[in-house]
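Asks: Input: one structure, supplied below.
The values are calculated or read from the model by the stated rules, or taken from the named source; none is laboratory data. Just so we're clear, the structure is a prediction, and the values are computed from it rather than from any experiment. Counting neighbours? That spans all protein chains shown, and the Cβs are built from the backbone with ideal geometry, glycine included. With ligands, DNA and RNA removed, areas are computed over all heavy atoms of the protein, side chains included. Shrake-Rupley method; radii C 1.70, N 1.55, O 1.52, S 1.80 Å.
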Amino acid sequence: MPIDNQDFIKRLRAITSDIITDEERLAVYESDGLTAKKQLPGVVVIPDTIEQVQAITALCQSCEVPLVPRGAGTGLSGGAMPHHEGVLLVMARFNQVLDVDTSTRTATVQPGVTNLAISEAVSNLGLYYAPDPSSQIACTIGGNVAENSGGVHCLKYGLTVHNVKQLKVVLPGGELMVVGGKGYDTPGYDLLALMHGSEGMLGIVVEVIVQLLPKPPEVAVIMAAFSNVIDAANSVSGVISAGLLPAGLEMMDKLAIQAAESFVGAGYPEAAEAMLLCELDGSLGELEELIESVRAVFESNGCITFTVAFDAVEREKLWLGRKAAFPAVGRIAPDYYCMDGTIPRRELANVLQAITDLSHKYELQVANVFHAADGNLHPLILYDANDGDQLTRAEAFGSEILALCLEKGGTITGEHGVGVEKINEMCLQFNRDELGIFHGIKNAFDHYGILNPGKGIPTLSRCAEFGAMHVHRGEERFPHLDRF
Amino acid sequence: MEGIDAFAESIKKAGSDGSPIQIKGGGTKGFLGYVAEGLQVLTTQSYAGVLDYHPAELIVRVRAGTPVRTLDNLLRSEGQMLAFDPPAHDATSTIGGVVSAGLSGSARPYRGAARDHLLGAGMVLHDGAYCEFGGQVMKNVAGYDVSRLVCGAYGTLGLLADLSLKVVPAPELEKTITRECSSDVARETVKLLCNRVSSLSASCYSGGTLSVRLSGNEQAVKATEEILEGNLGDNAFWDQLDAQALPAFQNAVDVWRLSTDADEPLFDYDFAILDWGFAQRWLFDPKSDPRVGYAGSGHWTRVRHDKDRFEAEVFQPLSALEFELHRRLKSTFDPGGIFNPGRMYRKEGL
């Protein structure tokens, strides 16, 4: 048994009997979506009530045992990777939608409810929850808060932080705190914003009130093909410059188009070098004009085909190819490595060209599928993990892409989080003083450092070591869910 | 020496002298929160100007001392705007002041708050170090969200120097519609518009009149107008409301704001103005502290007051647990207590 402190286990068992200590069953939880980062947890605890979470947290603090919260384990940066000498707190039983308030269009949900289940629960009321990471069928709202998850509709509808009104949070001492409220602000510092994207390092989310939106009466999805990626990239900037704000604007390059087409047969233009999917929504009568405006921009940038789908089934089919793009790419190569950098949109064409050049340099293929309107890139580097040299090249390739994103004024992670995966690259993005503030914030919430230790924020000594070693990335991952 | 270097020197000197400072932009929000006496004033007003603006990025990076109106004019000239209706109390109000006070205008419920549009912040910390948090891109989850924490912190955590803000395309058309009705009908009308995709971008009920603003392209505005009969109003109303420049504000000496669930009853309060779809409520010159006996879930701010009237905290007191977290955060950012001490809560100089 990884945790051999019988007294601790006994005290844990006094709180809840749902404890896993045998290695065979612990192995189920050895990683999150970053499957190459594996670690058996010391013990897994599956509480049912907030009071149990409080008691477990307080016990861990008093014994200084690490505590790692976990939702569905779909995260892509190892944020929920277990700690070998710690407790893995599995929030799976917190899976109820507690209340839907149609008057304020809010839903009170437990953190283990999946992202999609929220929208399904309110669909008959004509409402939905806007942020839609593509793992939405499996990922939980608690995890979405921890990572401040995005999705294809961010540009118009925002990230998780823009769509959550209130959280109930258990602090490391076991205290329950409410942040936010049903109004539009709260007194004091904005702790609600601070909790978003904090990767389970400041508190454990035990209840969430989300803002719901009315479903748009009219939706159209435009599919446009281009003879080169530069034209497609320029079209993206053109749409924004024209004062249009699409609900989603996504790009795929030739390799991604072909992989997706052979996987799901969405009707994509296989001969095209690049493709844009543009979703427009609005009130009745608004849509025709928007479509014509987009058409004008695309055509002036050399688009070769332009089709519009209004019908829900047709739209679904077009999105299916996009949503299945990652697993589709997974079919054409033994392994792929998914990056998540964000750049200023005007650098799209340059960065895509640079990625192509790097692809030649490292002799590895790369497929690009990404949130073009947000400048959030997801280059998928294709390699074979059984070939050690390819793995090394893929790692170096990935690191160069992230460094390129920073050089262009961007960030090392747009939506997948830092977790354990990008902890070294944090040293490239932030200086000593900035990291000092992050550690101060952590210390203000979690003085004993029990919550998700070793994630998110690197220690200064780690950065020094990283600097000395230059680049030493972890292993790769093989996500089993389709992602954006 | 000027700009960031000058700020850093002043801040380091304040630290070594143990002499706290008041950070001041245009000086138009001195009425909000406590201002301790005898502080040195560090003004950001001369630190103005746009650092980076590419309209196609939907992002503007600007120095904190830039007047809100100057920034607004620039954005409008490119067909863009800040979505949250930043209130400009007068021509000298700075964007740094608006963000530091976390102020959002009429569009708040419909287009988001100041903090929702703050993508990154460059700050001068207590030891003079210049730090950047967040970024200049739409999506960024690297590190804790310090820029949003600084928004609404009233300059108690550091000097906000440079801001990256998300901008949006300005609507083709904006139209204000007014109608006479009871408060119940007004609340239901706004709710009806919120329950569907509409062009609603502001709402206010005052003196028996409901005013709403519709924004979007012509078809979208027209579609909403069809379900909302009324008279054509003046779009300038909203800027005056957000700047607290309407006569009702100007005539009051003790201005209270309740921010709460839009659905909460009005209880017995004689609110003069209800905006944000009834989620923001303004009470003028109450005879006693309205917090006493309040049974709702919101929080009160004493936005302006006359010192001869009754004593009351400016901001809603925090619970002991919340206060302790605030105290620890404050001491992380400002261990010497030199930034705007007591501006939010006099206790422990927060």
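Asks: Could you give every pair whose Cβ atoms fall below 7 Å, whose first residue belongs to the stretch A:21-44 and is in contact (Cβ under 8 Å) with a residue 12 or more places away in the chain and under 14 Å from A:Arg70 (Cβ atoms), and whose second residue is β-branched (Val, Ile, Thr) and in a loop (DSSP other than H, G, I, E, B), counting only separations of at least 6 or pairs across chains?
Replies: Every condition considered, the pairs that remain are A:Asp32/A:Thr74; A:Gly33/A:Thr74; A:Lys37/A:Val420; A:Gly42/A:Ile3; A:Val43/A:Ile3; A:Val43/A:Thr21.
Asks: Kindly evaluate B:Arg111 against the criterion of being charged (D, E, K, R), more than 24 Å from B:Val35 (Cα to Cα) and modelled with pLDDT of 95 or more. Even if it seems obvious, please write down each step before you answer.
Replies: Numbers: charged (D, E, K, R): yes; more than 24 Å from B:Val35 (Cα to Cα): yes; modelled with pLDDT of 95 or more: yes.
Answer is yes for this residue.
Asks: Select from the stretch B:221-267 the residues that are in a helix (DSSP H, G or I), over 23 Å from B:Ala113 (Cα atoms) and either among the aliphatic types (A, V, I, L, M) or modelled with pLDDT of 95 or more (or both) and list them in ascending order.
Replies: Our first condition is that a residue be in a helix (DSSP H, G or I); within the stretch B:221-267, this holds for B:221-225, B:236-242, B:247-251.
Now narrow it down to the ones that are over 23 Å from B:Ala113 (Cα atoms): B:222-225, B:247-248, B:250-251.
Within the stretch B:221-267, B:Ala223, B:Ala248 meet the criteria.
The rows are residues; the columns are (1) open to solvent by 30 Å² or more (accessible area, probe 1.4 Å); (2) of a type in the set (A, V, I, L, M); (3) not in a loop (DSSP other than H, G, I, E, B).
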position: A:Asp32; (1), (2), (3): no, no, no
position: A:Lys37; (1), (2), (3): yes, no, no
position: A:Glu51; (1), (2), (3): yes, no, yes
position: A:Leu88; (1), (2), (3): no, yes, yes
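Asks: Here's a follow-up. Give me the residue from the stretch B:147-196 that is open to solvent by 40 Å² or more (accessible area, probe 1.4 Å) and either in contact with a Leu (Cβ under 6 Å, 6 or more places away or on another chain) or of a type in the set (Phe, Trp, Tyr) (or both) and, out of that set, nearest to the other protein chains (Cβ to nearest Cβ).
Replies: The qualifying residue nearest to the other protein chains (Cβ to nearest Cβ) is B:Lys175.
Yes/no matrix, rows are residues, columns are (1) surrounded by fewer than 19 Cβ atoms within 10 Å (Cβ to Cβ); (2) in contact with a strand residue (DSSP E or B) (Cβ under 6 Å, 6 or more places away or on another chain):
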site	(1), (2)
B:Trp282	no, yes
B:Arg304	yes, yes
B:Glu313	yes, no
B:Pro335	yes, no
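Asks: Is one or more of the residues making up the stretch B:113-120 at the interface with chain A (Cβ under 9 Å from one of its Cβ atoms) and open to solvent by 30 Å² or more (accessible area, probe 1.4 Å)?
Replies: yes
Asks: Which of the residues spanning the stretch A:404-433 are surrounded by fewer than 21 Cβ atoms within 10 Å (Cβ to Cβ), within 11 Å of chain B (Cβ to nearest Cβ) and without any contact (Cβ under 8 Å) to a residue 12 or more places away in the chain?
Replies: Result: A:Asn431, A:Asp433.
Asks: Mind checking which helices (runs of 4 or more DSSP H) fall wholly inside the stretch A:139-210 and carry at least 2 residues that are more than 9 Å from chain B (Cβ to nearest Cβ) and free of Cβ contacts under 8 Å to residues at least 60 places away in the same chain?
Replies: Values: elements: A:141-147, A:154-157, A:160-163, A:191-195.
Once the helices (runs of 4 or more DSSP H) in the stretch A:139-210 are filtered for at least 2 residues that are more than 9 Å from chain B (Cβ to nearest Cβ) and free of Cβ contacts under 8 Å to residues at least 60 places away in the same chain, what remains is A:160-163.
Asks: So, of the residues in the stretch B:197-227 that are of a type in the set (A, V, I, L, M) and open to solvent by less than 10 Å² (accessible area, probe 1.4 Å), which turns out to be farthest from the other protein chains (Cβ to nearest Cβ)?
Replies: From the stretch B:197-227, those of a type in the set (A, V, I, L, M) are B:197, B:200, B:202, B:210, B:212, B:214, B:220-221, B:223, B:227; that's our starting set.
Now narrow it down to the ones that are open to solvent by less than 10 Å² (accessible area, probe 1.4 Å): B:202, B:210, B:212, B:214, B:220-221.
Numbers: B:Ala202: 13, B:Leu210: 18, B:Val212: 15, B:Leu214: 10, B:Ala220: 4, B:Val221: 9 Å.
It comes out as B:Leu210.
Asks: For A:Ser461, which of the numbered conditions (1) open to solvent by less than 40 Å² (accessible area, probe 1.4 Å); (2) part of a helix (DSSP H, G or I); (3) more than 13 Å from every other protein chain (Cβ to nearest Cβ) fails to hold?
Replies: (1)
Asks: Tally up the residues in the stretch A:100-137 that are part of a loop (DSSP other than H, G, I, E, B) and surrounded by 19 or more Cβ atoms within 10 Å (Cβ to Cβ), please.
Replies: Taking the stretch A:100-137 as the starting set, the residues that turn out to be part of a loop (DSSP other than H, G, I, E, B) are A:102-105, A:110-113, A:126, A:129-137.
Within this subset, residues satisfying the condition of being surrounded by 19 or more Cβ atoms within 10 Å (Cβ to Cβ) are A:104-105, A:110-113, A:129-136.
Residues in the stretch A:100-137 being part of a loop (DSSP other than H, G, I, E, B) and surrounded by 19 or more Cβ atoms within 10 Å (Cβ to Cβ): 14 in total.
Asks: If you don't mind, there's one more thing I want to ask. Is there any pair linking a residue in the stretch B:314-326 that is without any contact (Cβ under 8 Å) to a residue 24 or more places away in the chain to one that is open to solvent by 30 Å² or more (accessible area, probe 1.4 Å) and not β-branched (Val, Ile, Thr), with Cβ under 7 Å and at least six apart or on different chains, and which?
Replies: Short answer, once both residue conditions are applied: B:Leu321/A:Glu175.
Asks: Among the candidates A:Gly126, A:Gly142, A:Gly151, single out the residue that is touching a Pro at 6+ places or on another chain (Cβ under 7 Å) and modelled with pLDDT under 95.
Replies: Values: A:Gly126 fails: modelled with pLDDT under 95; A:Gly142 fails: modelled with pLDDT under 95.
The conditions single out A:Gly151.
Rundown of residues vs (1) at pLDDT below 95; (2) open to solvent by 10 Å² or more (accessible area, probe 1.4 Å); (3) of a type in the set (D, E, K, R), yes/no style:
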{"position": "A:Val264", "(1), (2), (3)": "yes, yes, no"}
{"position": "A:Ala274", "(1), (2), (3)": "no, no, no"}
{"position": "A:Glu279", "(1), (2), (3)": "no, yes, yes"}
{"position": "A:Glu286", "(1), (2), (3)": "yes, yes, yes"}
{"position": "A:Cys338", "(1), (2), (3)": "yes, no, no"}
